[in-house]
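*Asks:* Pasting in a structure now, in structure tokens, and then I'll have a few things to ask.
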Amino acid sequence: MIHDPVRLADQPSLPLFDEEALDIADYLRSEGDTQSDIHEDEAGRQGFAALTIGAIGVVYGDIGTSPIYAFREALKATGVAQPGPPEVLGILSLLIWTLILIVTVKYVFVLLRADNRGEGGILALYTLVRLATGRRSIPILMLAIAGAALFAGDAAITPAISVLSAVEGMDLVLPALESYILPITMGILVALFFGQRRGTASVARLFGPVTAVWFLVLAGLGLWHMTETPWVVSAFSPIWGAQFLVNHTGVAFVVLGAIFLAVTGGEALYADLGHFGRKPIMAAWFALVLPALVLNYLGQGALVLAHPESAENSFFAMASSSLLPFLVGLATAATVIASQAVISGAFSMARGAAQLGFLPRLRIVHTAEGQSGQIYIGAVNWLLLGGVLWLVLAFQSSGALASAYGIAVTGTMVLTTVLGVLYLIRSGRLSAPVAILLAAPVAVIEWVFLASNLTKILDGGYVPLLAALAVGLVMWAWWRGVQLVKARIHKLAVPVSSFVRAMRGSSVNVIPGTAFFLTGDPDIVPSALLHNLKHNRVLHDQTVFLTVETLRVPYATAEERASVEHLGGPFLRVTLRFGFMETPNVSRAMGHARKAGLKFDVMTSTFFLGRRRAVATGKGFELLMDRFYVVLSRFAADPTDFYHLPRDRVVELGERVAI
């Protein structure tokens, strides 16, 4: 079963994003096979417990560090010097019900079931909507670009606020260390990013156990302090939250922005679906993560009710002086793990975006043998490091960074909800009125949270917006430029069928060997072949039109990998297919091509690449976008490296294309 592809190899320096001819019937027939059952089978092989522990470390690392600052910032936002039951219980009620409605209902119960061959995340959700729609939709495309761009802002802020908030606990252990908080934070972050190239496979096995200990400590601290003020459990009643919003109308809007910090990282539940599967993620949430978070927030509330002066740093105040160093150290480890999960997610998001035609080709390094998810992208890594260090130096405290944090998270969640509703409607699973009605409670809450966070634009909220705007502009300029180049190519294209007929009586010289000409459109003759005939007047006795396709599913199966078609005479058409979460490896996929019927000798084979250089010719704003695309194309990874071609058997031929 071949899913609708994005063809990438018409001239590898300019990947093409083909949006036409979706095979919806094939997709719908295969839908049962593309669900997360694939990963449930993997769970059985790898061990359900092992996957659940792994999910605790990777999926919940970010949301697990929220107790360090979420409750504290919400209390500060009230402006009350000595918070009492109305403030404490009201905020706790809002925190608990936010975790239940946003994370449990939306992500765990609904979105984890909307997967693309077991893969989750906003790009996977976009492809589901795209497949169900059956045609290109610019508004839906813009939603996907905006969601991916906002994730970039989140990816920069999460390491900064997480590590900084943990290190700030050091001045409670030794006040003399206060002046060293920023240097220590920056040192940890620099070490974290510089270690990315080595990969995380060697230490990833520690993520789950360490984070599990972290959640157990959260729960233990919460239970300990709840014994001091047991009636704090009344915060489970939503009445406390409603009363707080009614009686504190002046600050309620600002407080909601701080409360949303409690669900930062919730998007990782969906994004990491492909790594662990639905059942391990759900088991981890209900068995450990949700209870630990709720107990810790209740414990912080109980502590503040008994000792209002502890509100200034309620999390670290939960530990006794003898246990405080251990808690600070464990919190620092937990925040580093949370940061690592976000960085890995940024690498995966960038790879998926490049494969779908939203970004130029990126040089991808696999850091673990046999684990496709363990990758390193240098450009993304260093851009993130620069952004993270700037955030730490510019804001200098986790409290100040909290104002900048919420917009990216809430924006991404709102867009995910919109795409989720569109998928339910377009796929025919629910009628439009029913889907909108069911999604309305969560959507209203998320829009309120977003509006609340937008009030913090001048206090730092502009940071994720500017980051998202920059990334979104890059993605839109690249996608637009690719479409223009593609349209230009088709105007000058020579159909393969007529070319094959014309070459039957040709007097061109035929030489032994196999020539592979990469093309993004298997129905038109690659420009590299036309240039080779024009200037060299030779044709190989086996000439292969090679197309690399990116399917709108995360991973291609062995049956989908390669197909071979004889066109007559010396001409063949070979198609190699990869999922959008895979890195195209042409050399390795040639083994599948052999099994499909292709016969060739490696020592007498040559790969021909057509290097197209775009030339901007527009006017006004279009000229600016065209030039931006031209600049971006110069940063695209070398096609030989990107497609993993045998370097000593590659010939490149160039041409200029006006856009």
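Read-outs: derived from the displayed coordinates by stated rules, not from any lab. From a predicted model like this one, the values you see are computed outputs, not experimental measurements. Positions of Cβ are backbone-derived with ideal geometry, glycine not excepted, and every protein chain shown enters the neighbour counts.
*Asks:* At what distance in nm do the modelled label points of residue 451 and residue 190 sit from each other, each positioned 7 Å from its Cα along Cα→Cβ?
*Replies:* 4.5 nm
*Asks:* Search the structure for amide H atoms under 5 Å from the amide H of residue 549, placed 1.01 Å from N in the peptide plane, and list their residues when 5 or more places away or on another chain.
*Replies:* Distant-sequence amide H within range of residue 549: 8, 576, 577, 578.
*Asks:* Also, I was wondering about something else. By its C-alpha gyration tensor, with a ≥ b ≥ c as the square roots of the eigenvalues, how is segment 358-488 shaped: rounded for a/c under 1.5, else prolate for a/b larger than b/c, else oblate?
*Replies:* Values: a/c = 1.75, a/b = 1.10, b/c = 1.59.
Because a/c hits 1.5 or more and a/b fails to exceed b/c, segment 358-488 counts as oblate.
*Asks:* Now for a separate question. I'd like the trypsin sites (Lys or Arg not before Pro) in segment 422-501 restricted to DSSP loop residues with at most 15 other Cβ atoms within 10 Å, sorted by number.
*Replies:* Values: sites: 426, 429, 456, 480, 486, 488, 491, 501; in loops: 429, 456.
Passing sites in segment 422-501 are 429.
*Asks:* Further, regarding this structure: For the pair residue 176 and residue 251, how long in nm is the line joining their label points, each one 7 Å along Cα→Cβ?
*Replies:* Between residue 176 and residue 251, the simple spin-label model gives 3.7 nm.
*Asks:* Next up: Only sites in a loop by DSSP and with at most 12 other Cβ atoms within 10 Å count here; which trypsin sites (Lys or Arg not before Pro) in segment 513-581 make the cut?
*Replies:* Working: sites: 534, 537, 552, 561, 573, 577; in loops: 537, 552, 561.
Filter output for segment 513-581: 537.
*Asks:* Show me, for segment 449-463, the HN-Hα J-couplings you get by feeding each phi into the Karplus relation (A = 6.51, B = -1.76, C = 1.60, θ = phi - 60°), rounded to Hz, glycine and proline as x.
*Replies:* Values, residue by residue: 4, 4, 4, 4, 6, 5, 5, 9, 4, 6, 8, x, x, 5, 4 Hz.
*Asks:* Would you mind checking which residues have amide H under 5 Å from residue 652's amide H? H placed 1.01 Å from N; only 5 or more apart, or other chain.
*Replies:* Correct list: 609.
*Asks:* While we're here: With each run of n ≥ 4 DSSP H residues scored as -39500 (n - 2.57), what mean residue ellipticity at 222 nm is computed for the chain after dividing by its residue count and rounding to the nearest 500 deg cm²/dmol? Spell out each step's value before the answer.
*Replies:* Numbers: 27 runs with 372 residues, N = 659.
Per the formula, -18000 deg cm²/dmol.
*Asks:* Relative to the longest principal axis of the chain, what angle (0 to 90°, nearest 10) does the C-alpha long axis of helix 378-395 take?
*Replies:* 30 degrees
*Asks:* How much length is gained on full extension from residue 558 to residue 510, taking 0.36 nm per residue of separation minus their Cα-Cα distance?
*Replies:* Details: separation 48, 0.36 × 48 = 17.28 nm, distance 3.42 nm.
Between residue 558 and residue 510, full extension yields an extra 13.9 nm.
*Asks:* May I ask you to compute the full-extension gain from residue 624 to residue 390, defined as 0.36 nm times their residue separation minus their alpha-carbon distance, rounded to one decimal in nm? If you can, show how the numbers build up before the last one.
*Replies:* Working: separation 234, 0.36 × 234 = 84.24 nm, distance 2.83 nm.
Here the answer is 81.4 nm.
*Asks:* Under 23 Å from the Cα of residue 279, which lysines turn up, not counting those fewer than eight places away in the same chain?
*Replies:* Output for residue 279: 106.
*Asks:* Tell me whether segment 489-658 comes out rounded, prolate or oblate; compute the Cα gyration tensor, take square roots of the eigenvalues as a ≥ b ≥ c, and use a/c under 1.5 as the rounded threshold.
*Replies:* Numbers: a/c = 1.82, a/b = 1.21, b/c = 1.50.
In terms of gyration-tensor shape, oblate.
*Asks:* Ordered by residue, what ³J(HN,Hα) values in Hz, to whole numbers, does segment 182-196 give under the Karplus form 6.51 cos²θ - 1.76 cosθ + 1.60, where θ = phi - 60° and Gly and Pro are x?
*Replies:* 5, x, 5, 4, 5, x, 4, 5, 4, 4, 4, 6, 5, x, 5
*Asks:* Output wanted: per-residue J couplings in Hz (rounded whole) for segment 70-77, from phi through Karplus 6.51 cos²θ - 1.76 cosθ + 1.60, θ = phi - 60°, x for Gly and Pro.
*Replies:* 5, 5, 4, 5, 5, 5, 4, 5
*Asks:* Using only Cα atoms and rounding to the nearest 10 degrees, what angle (0 to 90) does helix 85-98 make with the longest principal axis of the chain?
*Replies:* That helix lies at roughly 20 degrees to the long axis.
*Asks:* Moving on to the next point. Between residue 601 and residue 101, what length in nm is gained on full extension when 0.36 nm per residue of separation is reduced by their alpha carbon distance? Show your work: numbers first, answer last.
*Replies:* Values: separation 500, 0.36 × 500 = 180.00 nm, distance 5.98 nm.
Residue separation times 0.36 nm, minus the Cα-Cα distance, leaves 174.0 nm.
*Asks:* Work from the charge dipole of the chain (Cβ charges, +1 for Lys and Arg, -1 for Asp and Glu, about the Cα centre) and give the residue of 192, 121, 391 farthest towards its positive end.
*Replies:* 121
*Asks:* In addition: Filter the chymotrypsin sites (Phe, Trp or Tyr not before Pro) in segment 439-475 down to the DSSP loop ones having no more than 12 other Cβ atoms within 10 Å, then list what survives.
*Replies:* Details: sites: 447, 449, 462; in loops: none.
Within segment 439-475, no chymotrypsin sites (Phe, Trp or Tyr not before Pro) qualify (loop, at most 12 other Cβ atoms within 10 Å).
*Asks:* May I ask you to order 347-359, 283-295 by the average number of other C-beta atoms within 10 Å around their residues, highest value first? Kindly include the intermediate steps, with their values, before the conclusion.
*Replies:* Details: 347-359: 24.4, 283-295: 21.0.
Order by mean packing, descending: 347-359, 283-295.
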